[in-house]
1. Can you tell me how many residues in the stretch 59-68 are of a type outside the set (Ser, Thr, Tyr), modelled with pLDDT of 95 or more and open to solvent by less than 20 Å² (accessible area, probe 1.4 Å)?
2. Identify, from the list ASP171, ASP149, ASP155, the residue that is in contact (Cβ under 8 Å) with a residue 12 or more places away in the chain and acidic (Asp, Glu).
3. Give me the residue from the stretch 199-225 that is out of contact with any strand residue (DSSP E or B) (no Cβ under 6 Å at 6 or more places or on another chain) and under 23 Å from HIS253 (Cα atoms) and, out of that set, surrounded by the most Cβ atoms within 10 Å (Cβ to Cβ).
4. Name every residue in the stretch 16-44 that is at pLDDT below 60 and surrounded by fewer than 17 Cβ atoms within 10 Å (Cβ to Cβ), in order of residue number.
5. In the stretch 99-123, how many are open to solvent by 40 Å² or more (accessible area, probe 1.4 Å) and part of a strand (DSSP E or B)?
6. Count, please, the residues in the stretch 157-183 that happen to be closer than 26 Å to GLU270 by Cα, among the hydrophobic types (A, V, I, L, M, F, W, C) and out of contact with any strand residue (DSSP E or B) (no Cβ under 7 Å at 6 or more places or on another chain).
7. Pull out all pairs, ordered by first then second residue, where Cβ-Cβ is under 7 Å, the residues are six or more apart or on different chains, the first lies in the stretch 197-218 and is under 13 Å from ASP148 (Cα atoms), and the second is open to solvent by 60 Å² or more (accessible area, probe 1.4 Å).
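The values are calculated or read from the model by the stated rules, or taken from the named source; none is laboratory data. All values derive from a computational prediction rather than experimental measurement. Please note: Cβ atoms are built from the backbone with ideal geometry, for glycine as well, and neighbour counts cover all protein chains shown. Keep in mind that these areas ignore ligands, DNA and RNA; they rest on the heavy atoms of the full protein, side chains included. Shrake-Rupley method; radii C 1.70, N 1.55, O 1.52, S 1.80 Å.
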Amino acid sequence: MNFSILVLLCIIKFSFYSFSQSVQVKDFDESEYKSVMGLYSMDFHHSSFNHNDRNVKVFLVEGKYWLFPAGGLNFGGNINLKNAPSEIDLVKKQNHYEFNVEDVGAYDFKISAENSAGKSKELLYVIYKAYNPNKIKFIESFSYKTLDDQKISSDDTDKKYSLIYFTGRKDLIDRGQIESLNSLKNEYKNVQFVCMFSEPENELTSFKEETNFNWSFISSVRSRELAKFQIGKLISEPAIYLVDNDQNKIIYHYYGVYNLPLALKKALKEL
């Protein structure tokens, strides 16, 4: 089973563009952005102050996008879009831009902000992309052994569905959501709930005991194993897949942790 939920963008086919997509920045609060876009949007590109006042090539595929300044910055105030791609019609909103991309390609953005000294690892701007959470993808059957030596499988189970949460590292789990995620498992008996981690088994045992997270844990899931579970070759981490075990297909996917229990509750109610 190919299951790592990879980092940011078409890494397989377009890996030479990834430098502009994956600049390391400090953690940021995306709740304000999500209140504008809704649940089904993904962090597609972000730039730190290392890119202040520089032309940056951003690889974009077809779809709807939003361009936001970092928290505390304002377009037209202390941050300016100095160069926008001529091929894209950017529509200015109160403090962000919205745009659509028709042709896949690399597009130049140049954004500058005041007082950037000493902020090289902080966020300058972020681009989000809308996605369809109900896009269908057929997959191969899978079988894993969990932390407690139980078998998790898509073709040898009495559960109709599998809800698979690839979090990568355990520190990406929002602990404030664990109680609600536990409640989902207790409520939906026809679903097997699986959380997949990149860390080895010995690092997860104490974490499971400490948090009382009641989903099944699978350890040591490697990013190189995941190609066939990518949807449109655009997968970020953390991400969640709802799999129809009978038909071996992904019927719902969700990116990120923002309002995660709410998003999953909505999807599970439609089963």
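1. Qualifying residue count, the stretch 59-68: 3.
2. After applying the criteria, what remains is ASP155.
3. Per the stated criteria, the residue is PHE213.
4. Within the stretch 16-44, PHE16, SER18, PHE19, SER22, GLN24, LYS26 qualify.
5. Residues that pass the stated criteria total 3.
6. Within the stretch 157-183, residues that are closer than 26 Å to GLU270 by Cα, among the hydrophobic types (A, V, I, L, M, F, W, C) and out of contact with any strand residue (DSSP E or B) (no Cβ under 7 Å at 6 or more places or on another chain) number 2.
7. Close Cβ pairs satisfying both conditions: ASN214/LYS185; TRP215/LYS185; SER216/GLN150.
The rows are residues; the columns are (1) assigned to a loop (DSSP other than H, G, I, E, B); (2) in contact with a strand residue (DSSP E or B) (Cβ under 8 Å, 6 or more places away or on another chain); (3) free of Cβ contacts under 8 Å to residues at least 40 places away in the same chain; (4) not β-branched (Val, Ile, Thr).
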| residue | (1), (2), (3), (4) |
| --- | --- |
| ASP29 | yes, no, no, yes |
| LYS34 | no, yes, no, yes |
| LEU39 | yes, yes, no, yes |
| PHE44 | no, yes, no, yes |
| SER47 | no, yes, no, yes |
| TYR65 | no, yes, no, yes |
| ASP89 | yes, yes, yes, yes |
